[in-house]
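Structure record follows, encoded as structure tokens.
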Amino acid sequence: MSAPSKTAAGRFFEDFRLGETLRHATPRTLTVGDVSLYSALCGTRFAVQSAETFARAIGYPQSPVDDLLAFHVVFGKTVADVSLNAVANLGYADCRFLKPVYPGDTLSATSEVIGLKENSNRESGVVTVRSQGFNQHGRLALEYVRWVMVRKRDAAAPAPKTHVPDLPASVAPAELGAACPQIDAAAYDFALAGSPHRWGDYATGERIDHVDGVTVEEAEHQIATRLYQNTAKVHFNLLSESQGRFGRRLIYGGHVISLARALSFNGLANAFHVAAINGGRHVAPLFAGDTVFAWSEVLETAALPGRADVGALRLRTIAAKNRPCGDFPARQGDGYEPSVVLDLDYWALLPR
Amino acid sequence: MSAPSKTAAGRFFEDFRLGETLRHATPRTLTVGDVSLYSALCGTRFAVQSAETFARAIGYPQSPVDDLLAFHVVFGKTVADVSLNAVANLGYADCRFLKPVYPGDTLSATSEVIGLKENSNRESGVVTVRSQGFNQHGRLALEYVRWVMVRKRDAAAPAPKTHVPDLPASVAPAELGAACPQIDAAAYDFALAGSPHRWGDYATGERIDHVDGVTVEEAEHQIATRLYQNTAKVHFNLLSESQGRFGRRLIYGGHVISLARALSFNGLANAFHVAAINGGRHVAPLFAGDTVFAWSEVLETAALPGRADVGALRLRTIAAKNRPCGDFPARQGDGYEPSVVLDLDYWALLPR
Amino acid sequence: MSAPSKTAAGRFFEDFRLGETLRHATPRTLTVGDVSLYSALCGTRFAVQSAETFARAIGYPQSPVDDLLAFHVVFGKTVADVSLNAVANLGYADCRFLKPVYPGDTLSATSEVIGLKENSNRESGVVTVRSQGFNQHGRLALEYVRWVMVRKRDAAAPAPKTHVPDLPASVAPAELGAACPQIDAAAYDFALAGSPHRWGDYATGERIDHVDGVTVEEAEHQIATRLYQNTAKVHFNLLSESQGRFGRRLIYGGHVISLARALSFNGLANAFHVAAINGGRHVAPLFAGDTVFAWSEVLETAALPGRADVGALRLRTIAAKNRPCGDFPARQGDGYEPSVVLDLDYWALLPR
């Protein structure tokens, strides 16, 4: 007797309804164990997240969890309901970090379907969701919009009415900073943080090559992706992927973001908080054995209304594989320089 | 001057005495660090172990450590005294989880020799031990019987009298549940747990393909096995193993059990507690690069005497390598379908 | 617009000034997560660091962090300022552990330049630093001297005056033990610790083959090295290293020390505390895929003035790759037996 109905096959494009809210499984308590593992897998060195003493000195009640770790944990929960049958993760927008997450906090997640658009071949469609991560007090810790191309179970199934949501090109400065307590910038020790450069030392248009490169191993990205309880099979199942598009396992795009962010320490050591992600695209796949490099451009600098302690830099961080970024590879013709794997647009906060 | 006597060479078959109790080295305090690493290595997603909020809501004082993590830690301690010179780990029986283990608890272990039987070639023999894991209060947290084939130091050494212990084919339902507090099933949130299926929704004979596959890397199984302080050289020493039976490192069988259990979440998301292991056999070796799949059959359903909160499913979970389990590979002729690596018979508890 | 000045390029030989003190970036709070990961990467099994119960029974307020984990974290901080442009890490001396480090403690580090000597080719020079690791109370937890060969930015740059510091051949017994509280040796359970051999059971000249071997994977040493926030590119960047001296990534020498120390448990299970490192040399590089073995010789035994609880063994531990150490490989002719990778001289404490 077989009971396939007990197994989650994931949703197909025709299963999504505009406006519905999906409540995702497996709440997750984040611990110092997760922080340690995240740090050892990605190589992050920002002082606020690394040292209780540093965080407390400037006004945090304790060291917060890395923003991207919280993001990946929320993202991981959404996979089983949103993207198990995804062909491609197309983009992110309007991601805002709204409460600091501390070790001991428990995150759970929901996603609202805010956009649906069938592809012209009728074999798949684009699903846009707004995912929200809540802490154990029911407070919204972060939210973001993501759109993915999802297969249809049956190409003949009727498509829902097309709805393409309006999304902001970037998060407004006035919306930044909710997850960052008022800090005592005078207590911020720039030598301990690794760089003398404050918010005011960066200028629009400035480009920074982050210099260092890091080679990724299969075990590393698998351990990281499981840490987030993200079960997308493209990351784990060599047997199926060896028959797939790339002939091998694909590295979770979020791991690429975390590696690029960790590399960006060299040049942006005081950009201690990711306040928002305006947009992000995984331009090309990354595979084990590849070496990741990154560079950043300052797209915009912004004061935060009512705050003299921190300022925001809008950064574009581009990650490339198997080539240093001293010449700032980016778009090329209609697409990207072939080595580019990530084009990320985000707001980071620095002490003023 | 050489002092080989300070180095543990492990016991050989003729060193074991029926009835003796071995006190194993290196007590181990389990922490949230171990929980995080276990989760990231195996991919477990059961809500009770993942979220403090979930565990507390249903009646646990805090999130318990995964049952199999506690098992592996106890098992790891026994290796140096029991199986350092083992040719093969033959089987488990009568494994019962008797106290929940929480982060902060310290486990230590002893093993009583309960069976001895020399092989007819006189070069090895089967040793059966009952191993017990105790917490820091001296309370028995779990126990199990294991038998291994151990080499003799000297084939001419006299063999001990043969004794083959009587072992139960399965743990009786009345013996289940000691490590599971009375839970408030009304507070158990099935959406958060990832499945609507309660104990009563499963029927004897039902088969579930767990669908997903996971490829194992050398670094992953080595890190996991060291996490348990299990030092069996077949898992770590490529130099010696390249000259050995398989020409490569063998993955610790317990890691296979944990991967199969994690995969079983897809279909058994509410089977939150392993209450007992009736028996288990590592049918064939698993190596790095292999992709593990699993399926389960419900062998039996049982109410627990005096408990209306949870019920037990006796499950047979079979793991296979490098082939999906949609057709439920199992025994074949006198042996097993060649891809099968694990045949595990255990009791899990689910909310009623 | 390019801003290379925001990126740390590391110091070159001509940038160092005798007597200057470098304050290193990124303080680090050590947690049970780090302890778990360290243990799972290196395989350490010493009871004091493994079990709260064991540590408290003998007089520690809690389980201390492994001495070498604390060492690696301090070392990691120094890399960006001292050895980013190092050609070779030449040696250590006068390393003393002065305060126990517990989970929750935050370490920060400084280095004083105590020696400078240009090489005759004028392309590089030897920099000697005394690095100190402080806890969150500003107390000195450990210190050590290290010398590295550092490239010059410009061979024509004037060299600083040569100064070669006087370093002790070994730390004096009277200086040992500051990081080890008075222990209750009667409460030290030798069976739980894994060996009956006390301090007095070891004799000068005694040699111990630690028997076991462990193969290292790229993911393992990369994760370990990032755990220490050590960013030396030779460990991580396959793209650049494939063009380099060895054609591949080099394993952090500290990981080799930790592996050798973990292997030494088999023969030195009660050597629970590394009190000092007299000297250490990375004789040859270790690469992923290599299998590490180790043996030790007791160079000296010493009572500690005023302490009847513990005694010290001066140990020479040699690690070799891809060959067991039953015949104690060591120096050979002017150099070393070709398999030797590490020659470490240190003091360990054992109960009397």
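A few comments on the model shown:
- Reach of C:Lys161 by Cα under 20 Å, taken over lysines that are not fewer than 8 positions away in the same chain: C:Lys117, C:Lys152
- Area hidden from solvent between B and A (accessible, protein heavy atoms only, 1.4 Å, total, Å²): 3200
- Charging the Cβ of each Asp and Glu at -1 and of each Lys and Arg at +1, and nothing else, the dipole of the protein assembly as shown about its Cα centre rounds to 120 debye.
- For A:Pro196, the distances from its label point to the matching points in the remaining copies are 6.5, 6.5 nm, ordered from shortest, with each point set 7 Å beyond Cα toward Cβ.
- Between helix A:67-82 and chain A: long-axis angle, C-alpha atoms, 0 to 90°, nearest 10: 10
- Using the Karplus relation 6.51 cos²θ - 1.76 cosθ + 1.60 with θ = phi - 60°, the per-residue 3J(HN,Hα) values for segment A:257-269 come to 4, 5, 5, 5, 4, 5, 4, 5, 3, 6, x, 9, 4 Hz, with x marking Gly and Pro.
- Take B:His137, move 7 Å from Cα toward the beta carbon, and the resulting point lies 3.2, 3.2 nm from the same point in each other copy, nearest first.
- In this entry, segment C:1-140 is assigned a mean projected area of 11.3 nm², taken as a quarter of its C-alpha convex hull surface.
- Alpha-carbon geometry of chain B: the Rg and the Dmax are 20.0, 69 Å, given in that order.
- Note on chain A: GNM, Cα springs under 10 Å; of A:Ala47, A:Ala269, A:Ala156, the largest mean-square fluctuation is that of A:Ala156.
- By accessible area, using a 1.4 Å probe on protein heavy atoms only, chain A has 52% of its surface on carbon and sulfur.
- Acute angle (nearest 10 degrees) that the helix C:32-42 long axis makes with the longest principal axis of chain C, alpha-carbon atoms: 90
- Partners of A:Lys99 within straight-line reach, counting lysines whose Cα lies under 24 Å from its Cα and excluding those fewer than 8 residues away in the same chain: A:Lys77.
- Surface analysis of segment A:245-309 yields an accessible area of 24 Å² per residue, using protein heavy atoms and a 1.4 Å probe.
- Segment B:65-123 and segment C:255-279: distance between their alpha carbon centers, rounded to Å: 27
- Per-copy distances of the A:Arg245 label point, shortest first, in nm (7 angstrom along Cα→Cβ): 4.3, 4.3
- Remark: segment C:33-84 carries 18 Å² of accessible area per residue (probe radius 1.4 Å; ligands, DNA and RNA excluded).
- C:Ser5-A:Thr204 FRET efficiency (beta carbon distance; Förster radius 25 Å; 0.05 resolution): 0.90
- Taking chain B as a Gaussian network of alpha-carbon nodes connected by springs under 10 Å, the highest mean-square fluctuation of the residues B:Asp66, B:Asp94, B:Asp15 belongs to B:Asp15.
- Trypsin sites (Lys or Arg not before Pro) within segment B:1-57, DSSP loop, no more than 16 other Cβ atoms inside 10 Å: B:Arg17
- Segment A:188-229, accessible area per residue, ligands and nucleic acids excluded (1.4 Å, Å²): 27
- Normalised by the number of residues in segment B:152-306, the mean separation of alpha-carbon contacts (under 8 Å, six or more apart) gives a relative contact order of 41 percent.
- Across chain A, Cα pairs under 8 Å and at least six residues apart give a relative contact order of 20 percent.
- The protein assembly as shown: calculated mean residue ellipticity at 222 nm from DSSP helix runs of at least 4, using -39500 (n - 2.57): -5500 deg cm²/dmol
- Helix C:218-227 and the long axis of chain C differ in direction by around 90°, with both axes built from C-alpha atoms.
- Rounded to the nearest 20 debye, the dipole magnitude of segment B:1-90 is 140 debye, with +1 charges on Lys and Arg beta carbons, -1 on Asp and Glu beta carbons, and the Cα centre as origin.
- The modelled label-to-label distance between C:Arg352 and B:Gln332, using points 7 Å beyond Cα along the C-beta direction, is 6.7 nm.
- Over 13 Å [Cα-Cα, segment C:66-112], rounded percent: 65
- Selected from C:Gly326, C:Gly125, C:Gly280 as most flexible by GNM, with chain C as the system and alpha-carbon contacts under 10 Å: C:Gly326
- Taking label points 7 Å from Cα along the Cα-to-Cβ direction, B:Ser240 and C:Gln182 give a separation of 4.3 nm.
- Relative contact order of segment A:131-229, defined on C-alpha pairs under 8 angstrom at six or more residues apart (%): 11
- Between C:Glu20 and B:Phe287, the C-beta separation translates, for a Förster distance of 45 Å, into a calculated FRET efficiency of about 0.25.
The values are calculated or read from the model by the stated rules, or taken from the named source; none is laboratory data. Worth saying up front: this structure is predicted, and the values here are computed from it rather than measured. Cβ: placed from backbone, ideal geometry, glycine included. Neighbour counts: every protein chain shown. In case anyone asks, the SASA skips ligands and DNA or RNA and just uses the protein heavy atoms, side chains included. Shrake-Rupley method; radii C 1.70, N 1.55, O 1.52, S 1.80 Å.
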